[in-house]
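The values are calculated or read from the model by the stated rules, or taken from the named source; none is laboratory data. Fair warning: this is a prediction, and the values are worked out from it, not measured in the lab. Glycine also receives a Cβ, built like all others from the backbone with ideal geometry; neighbour counts cover every protein chain displayed.
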C-alpha cells in the first residue's frame with residue numbers, strides 16, 4: 001500500500017526542527033535527569049569519566065535508539081513496538097511501561113522531587129505532609145490543564161516551559177565553572193565505583209526511565225510532527241529521528257556537566273543520600289538562601305514539562321486501545337492516580353521503582369535493538385520470540401534481587417540470588433541478561449535465515465516424490 005502524501009510537502013525549517021527537538025528535550029528531561037547524574041558524580045569521584053560513559057549509554061544512547069525504534073518501525077506507541085510478539089504481549093508490555101513511568105513511579109516522582117529538594121527545605125518540618133499534599137495537587141492540576149487539549153502540548157512544552165528551564169539551569173552551570181568547589185580528578189571514590197564504575201554508571205542510567213519514556217512518548221512525538229504537515233509515515237520517521245538526535249545530544253552534554261559538578265562537590269560535602277540533597281547543597285553553596293527559591297523554580301519547571309508528556313502519552317495510548325474511555329477521562333485518571341502515589345513520598349517511590357526497572361529495562365533494551373535492526377530480518381516474530389524469551393528469566397531474577405530487604409533478604413530471595421550468581425555470567429554487575437539475550441538472537445536469526453534453505457529443501461523433496 002502506498003504511503004499517504006504529506007500535507008506539507010516542503011522541508012521543515014530550522015525553527016520547526018528546533019521546536020520538535022525542544023519538545024522532545026522537555027519531555028525527556030525531568031526529575032531523575034537532574035538528581036541522578038549529580039549523585040553519580042559524588043559516588044564515582046575521580047572515576048567520574050568512566051562512570052559517565054556507562055551512564056550515557058543507558059541515559060542518552062538508549063533513549064535515542066528508542067526514538068529511532070519508533071521511527072524505523074513506523075510505530076505510534078509502546079504497543080506497536082511489542083506487536084511482533086502478538087497482541088497479548090504488546091498490550092501487557094504497554095500497560096507495564098505506562099504503569100512504571102506513569103502513576104506508580106515516574107509521574108509521581110515529577111512532583112515529589114521538586115517538593116522534596118526545592119520546597120520542603122523552606123517550610124517547617126511539621127508542614128511537610130500538608131505541603132506535599134497541596135503542592136502535588138496544584139502540580140498535577142497544571143499538568144492536566146496543559147495536556148487537556150492535545151494540540152497544546154507542543155506549544156506549551158516546546159515554546160514556553162523548556163526555554164525557562166534551560167535559562168535557569170545554565171545559570172547554575174556558569175557559577176560552577178567560574179568557581180568550582182574542587183578538582184573532580186582528585187576526589188575519593190566509593191567502593192562500588194573503584195572497579196566497576198562503567199557498569200554502575202550504566203545501571204544508574206536506568207533510574208532516568210528515559211528509554212521507557214522514549215517508547216511511550218512515540219505517539220506524542222508522531223502526533224506533534226503530523227501537526228507540522230509531515231503525515232507521510234516515512235517523512236514523519238525522518239523528522240522524528242533527526243529531532244531525537246538533537247534533543248538527546250543536548251541532554252548528554254548536560255549530564256556530563258552535572259556528573260562533573262557532582263564530583264567537584266566532594267571537596268566540600270560528603271556523598272549525599274540522594275541526588276536531590278546533592279543538588280540542594282550545590283545551589284545553596286553558590287546562591288545561599290536565594291538558591292532555594294531558584295532550585296524550587298528550576299526543578300518544578302523541568303518536572304512539569306516531563307509530567308505533561310507522561311500524562312498525555314498515557315491518555316493517548318490508553319484511549320487508542322481502550323477507546324470507550326475518552327482521552328480526557330484517561331488524562332484525569334492519570335493525574336489523580338499520580339497525585340495519590342506522590343503523597344507516599346520520594347523515598348518510597350524510589351525504593352519500590354528499582355525492582356520494576358531492573359525487570360523492565362532488559363526487555364526494553366532488547367525490543368529497542370530488535371526494532372532498530374528489524375529491517376534486516378523483516379520483524380520476524382521468531383527472532384523476537386527467542387530474544388525476549390531468553391531475557392525473561394534473568395529479568396525476573398534481577399527484579400527479586402532489587403526488591404527491598406523484606407523480599408530480597410528472605411530465604412526465597414537469597415536462594416534465587418545464589419542461583420542467579422552461580423549460573424548466569426555478569427550477574428554481579430546486573431548484566432546477567434546479556435548472554436541469554438545474545439544466545440536468543442543467534443538462534444532466532446539462524447532460524448530466520450535458514451527458513452529459505454529449509455523451504456527449498458522441502459520443495460526439492462516433494463518434486464522428487
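Below is a table of values for the structure above.
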| quantity | calculated |
| --- | --- |
| Qualifying residues in region 74-87 (those that are touching a helix residue (DSSP H, G or I) at 6+ places or on another chain (Cβ under 8 Å) and assigned to a helix (DSSP H, G or I)) - the one nearest to residue 264 (Cα to Cα) | 78 |
| When residues of region 349-380 are limited to those that are under 18 Å from residue 439 (Cβ atoms) and part of a helix (DSSP H, G or I), the one farthest from the chain's Cα centre (by Cα) | 370 |
| Count - residues of region 381-397 that are over 21 Å from the mean Cα position of the chain (by Cα) and crowded, with 19+ Cβ neighbours inside 10 Å | 6 |
| The listed residue being free of Cβ contacts under 8 Å to residues at least 12 places away in the same chain, part of a helix (DSSP H, G or I) and surrounded by fewer than 23 Cβ atoms within 10 Å (Cβ to Cβ), out of 246, 253 | 253 |
| Boolean, residue 217 is within 30 Å of residue 6 (Cβ to Cβ) and touching a residue at least 12 places away in the same chain (Cβ under 8 Å) | yes |
| Number of positions in region 241-255 that are in contact with a helix residue (DSSP H, G or I) (Cβ under 6 Å, 6 or more places away or on another chain) and more than 16 Å from residue 210 (Cα to Cα) | 0 |
| Conditions (1) part of a helix (DSSP H, G or I); (2) at pLDDT 80 or above; (3) within 27 Å of residue 13 (Cα to Cα); number of the one not met by residue 223 | (2) |
| Residues (part of a helix (DSSP H, G or I), in contact (Cβ under 8 Å) with a residue 40 or more places away in the chain, surrounded by 16 or more Cβ atoms within 10 Å (Cβ to Cβ) and within 26 Å of the chain's Cα centre (by Cα)) located in region 398-448 | 398, 399, 400, 401, 402, 436, 437, 440, 441 |
| Flag if residue 358 is farther than 30 Å from residue 422 by Cα and touching a residue at least 60 places away in the same chain (Cβ under 8 Å) | no |
| Residue list for region 284-299, filter: in contact (Cβ under 8 Å) with a residue 60 or more places away in the chain and either farther than 22 Å from residue 186 by Cα or not assigned by TED's automatic domain parsing to the domain that holds residue 109 (or both) | 287, 292, 293, 294, 295, 296, 297, 298, 299 |
| Scope region 265-287; condition modelled with pLDDT of 80 or more and not in a helix (DSSP H, G or I); matching residues | 268, 269, 270, 271, 272 |
| Which listed residue, of 185, 237, 216, is at negative phi, surrounded by 18 or more Cβ atoms within 10 Å (Cβ to Cβ) and more than 17 Å from the chain's Cα centre (by Cα) | 237 |
| Residue in region 205-213 that is under 29 Å from residue 362 (Cβ atoms) and surrounded by fewer than 23 Cβ atoms within 10 Å (Cβ to Cβ) present | no |
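Per-residue answers, yes or no, for (1) in contact (Cβ under 8 Å) with a residue 40 or more places away in the chain; (2) surrounded by 24 or more Cβ atoms within 10 Å (Cβ to Cβ); (3) within 12 Å of the chain's Cα centre (by Cα):
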{"position": "26", "(1), (2), (3)": "yes, yes, no"}
{"position": "35", "(1), (2), (3)": "yes, yes, no"}
{"position": "40", "(1), (2), (3)": "yes, yes, no"}
{"position": "44", "(1), (2), (3)": "yes, yes, no"}
{"position": "49", "(1), (2), (3)": "no, no, no"}
{"position": "52", "(1), (2), (3)": "yes, yes, no"}
{"position": "70", "(1), (2), (3)": "yes, yes, no"}
{"position": "84", "(1), (2), (3)": "yes, no, no"}
